[in-house]
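The values are calculated or read from the model by the stated rules, or taken from the named source; none is laboratory data. These numbers come from a predicted model, not from an experiment. Every residue, glycine among them, receives a Cβ derived from its backbone with ideal geometry; neighbour counts consider all protein chains shown.
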Amino acid sequence: MACDPAHIGANSNLLFSLMFAVDDGHAIRVEAEQFSARHEAALLATSAGARHANTPDTARRLRIGYVSPDFRNHCQSLFTTPLFGHHNHAAFEIVCYALSAQRDDVTARLASYADVWRDVWEFDDARLAQQIRDDGIDILVDLTMHMDGARRLLFARRPAPVQVAWLAYPGTTGSPSIGWRLTDPWIDPPDDPRVDDQYTERSLRLPDAFWCYDALAPGVEGNALPALSAGHITFGCLNNPSKLTDATLSLWSGVFAALPDARLVLLAPPGGAREQLAERLAAHGVDPARVSFVGFQLRADYLRTYHQIDIALDTFPANGHTTSLDALWMGVPVPTRYGRTALSRAGLCLLANLGLRELAADNEADYVAIVTALARDLPRLAALRAELRARMEASPLMDGARFARNVEAAYRHMWEAWCADVRDAPSARLP
């Protein structure tokens, strides 16, 4: 960024990395707003008085546009599938804008749920914004935010009257062009007056959870508790290695000090990444001889890695999201340490929705106590392993129909707010 302040990709990477590094949502908001001021200012000034021809009728069928580079075999599809598959098409017309040329069987499945599918990977931002306007999109959903493939300058053009961020991660874009963000009462407690100040968007809390999950892994079953045959506890963390911050390793060090026979499985590519992790773990008192590694794998093989793992260790300040849901699906509990930011409260949300709130701690000492107590209670661990998948299936975390109704109610609320604004300022729309 110092060498090339105009490099929008580097700036997004900075923001995304910052969320892994600090448990301070207000500091992240400041950086996100600087991103917007640096890259979006000219477009925001031009689009500030954008007129939209959309009819401000609160009861009519709404056109919802989803924008993503990841309508494919990607972790995002574990969450778009249950929502798209349960949309009420009588009340909502679903339009998908695919930003990537990559297509596979997941792409075909997602396309089958859409009323209109547009491959727009060759469109620049101006052309895509015009297409969205021509399509009459009422609510445009940004599924990427500052992750890879983001099209921030598209949204800065305000091609739709209502624009909302969801799914990429629970955080902020920092852009005045995104009016809303979806969240839930666990990652953003409504009774804390400072929580909503972390975001430039208005927060709309879904009743249960930010996520609704489909494992998309038919035929991959769980197994018996490995510790029963191994004679020791095996912990695992298959999160992106970038989440293994010093705060995370410090958190884990107390667990391994208390359980000298425990082992650890981590995900990291061969070579320097593994060597560096082993050195960092050793600095936190974890003997590298207790650690084994797996590389990146096809989904089914990755999920079967949990056959080796008794308890999954969460990361901090950025908790596991998809990875934690995968572990729980495979019968592996994921105790969590939660903090102040939305990313650091993902584990709390998942456990609360499973009726396992007691596995969440708000400080290091309690986290270590929870994990070590669970590791020493093999009957409870075995029972959890046997029942976690059924708990998942019976919870809001896998109830696609319920989640879709909640999201659609949120969309209707946003639309009613825009219609009210139009009634108060009729010049804001075309005659």
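Taking only pairs six or more apart or across chains, which ones have beta-carbon atoms under 6 Å, a first residue in region 352-376 that is modelled with pLDDT of 95 or more, and a second residue that is surrounded by 20 or more Cβ atoms within 10 Å (Cβ to Cβ) and of a type in the set (Lys, Arg)?
361/337; 367/337
Within region 249-287, work out how many residues are closer than 27 Å to residue 303 by Cβ and small (Gly, Ala, Ser).
Final tally of qualifying residues: 6.
Please verify whether residue 231 is surrounded by fewer than 19 Cβ atoms within 10 Å (Cβ to Cβ), in contact (Cβ under 8 Å) with a residue 60 or more places away in the chain and out of contact with any Cys (no Cβ under 9 Å at 6 or more places or on another chain), treating the condition exactly as stated.
Judged against the criteria, residue 231 is not a match.
From the list 323, 315, pick out the single residue that is at pLDDT 95 or above and assigned to a loop (DSSP other than H, G, I, E, B).
Sole residue among the options that is at pLDDT 95 or above and assigned to a loop (DSSP other than H, G, I, E, B): 315.
What number of residues within region 375-425 are of a type in the set (Ser, Thr, Tyr) and closer than 27 Å to residue 178 by Cβ?
Going through region 375-425 one residue at a time, the tally reaches 1.
Could you give every pair whose Cβ atoms fall below 7 Å, whose first residue belongs to region 1-17 and is in contact (Cβ under 8 Å) with a residue 12 or more places away in the chain, and whose second residue is buried (at least 18 other Cβ atoms within 10 Å of the Cβ) and among the basic types (Lys, Arg), counting only separations of at least 6 or pairs across chains?
What qualifies is 8/152.
Quick one: how many residues across region 269-294 are of a type outside the set (A, V, I, L, M) and touching a Lys or Arg at 6+ places or on another chain (Cβ under 9 Å)?
Residues that pass the stated criteria total 3.
With region 2-103 as the region, which helices (runs of 4 or more DSSP H) entirely inside it contain at least 3 residues that are over 20 Å from the mean Cα position of the chain (by Cα)?
Correct list: 25-39, 41-47.
Restricting the first residue to region 193-210 and requiring it to be closer than 14 Å to residue 411 by Cα and free of Cβ contacts under 8 Å to residues at least 24 places away in the same chain, which pairs with a second residue that is of a type in the set (S, T, N, Q) and surrounded by 13 or more Cβ atoms within 10 Å (Cβ to Cβ) meet a Cβ separation below 7 Å and a spacing of at least six or different chains?
203/183; 205/183
Testing residue 242 on (1) touching a residue at least 60 places away in the same chain (Cβ under 8 Å); (2) outside the structural domain of residue 298 (by TED's automatic domain parsing), one condition comes back false. Which one is that?
(2)
Step by step: first the residues of region 187-203, then only those that are out of contact with any Asp or Glu (no Cβ under 9 Å at 6 or more places or on another chain) and under 16 Å from residue 168 (Cβ atoms), then the one that is surrounded by the fewest Cβ atoms within 10 Å (Cβ to Cβ). Which residue is that?
For region 187-203, the residue satisfying everything is 201.
Listed residues 281, 266; which is within 25 Å of the chain's Cα centre (by Cα), not aromatic (Phe, Trp, Tyr) and not in a loop (DSSP other than H, G, I, E, B)?
Result of the check over 281, 266: 266.
From the list 258, 262, 300, 289, pick out the single residue that is free of Cβ contacts under 8 Å to residues at least 40 places away in the same chain, farther than 18 Å from residue 338 by Cα and assigned by TED's automatic domain parsing to the domain that holds residue 390.
Selected residue: 289, the only one of 258, 262, 300, 289 that is free of Cβ contacts under 8 Å to residues at least 40 places away in the same chain, farther than 18 Å from residue 338 by Cα and assigned by TED's automatic domain parsing to the domain that holds residue 390.
Taking residue 77 as the residue in question, decide whether it is under 19 Å from residue 210 (Cα atoms), modelled with pLDDT of 95 or more and hydroxyl-bearing (Ser, Thr, Tyr).
Criteria met by residue 77.
Can you go through 51, 72, 63 and tell me which one is out of contact with any Cys (no Cβ under 6 Å at 6 or more places or on another chain), charged (D, E, K, R) and within 17 Å of residue 408 (Cβ to Cβ)?
Being out of contact with any Cys (no Cβ under 6 Å at 6 or more places or on another chain), charged (D, E, K, R) and within 17 Å of residue 408 (Cβ to Cβ) holds for just one of 51, 72, 63, which is 63.
So which residues in region 357-373 are within 27 Å of residue 210 (Cα to Cα) and touching a helix residue (DSSP H, G or I) at 6+ places or on another chain (Cβ under 8 Å)?
Answer for region 357-373, where residues must be within 27 Å of residue 210 (Cα to Cα) and touching a helix residue (DSSP H, G or I) at 6+ places or on another chain (Cβ under 8 Å): 357, 358, 359, 360, 361, 364, 367, 368, 370, 371.
Go over the candidates 368, 334, 407 one by one and state the one that is of a type in the set (A, V, I, L, M, F, W, C) and not in a helix (DSSP H, G or I).
Within the list 368, 334, 407, the selection yields 334.
Taking residue 128 as the residue in question, decide whether it is over 19 Å from residue 418 (Cα atoms), in the same structural domain as residue 202 (by TED's automatic domain parsing) and assigned to a helix (DSSP H, G or I).
yes
Please go through region 14-70 and pick out each residue that is modelled with pLDDT of 95 or more and of a type in the set (S, T, N, Q).
34, 36, 54, 55, 58, 68
Can you go through 36, 77 and tell me which one is closer than 25 Å to residue 418 by Cβ and of a type in the set (Gly, Ala, Ser)?
Result of the check over 36, 77: 36.
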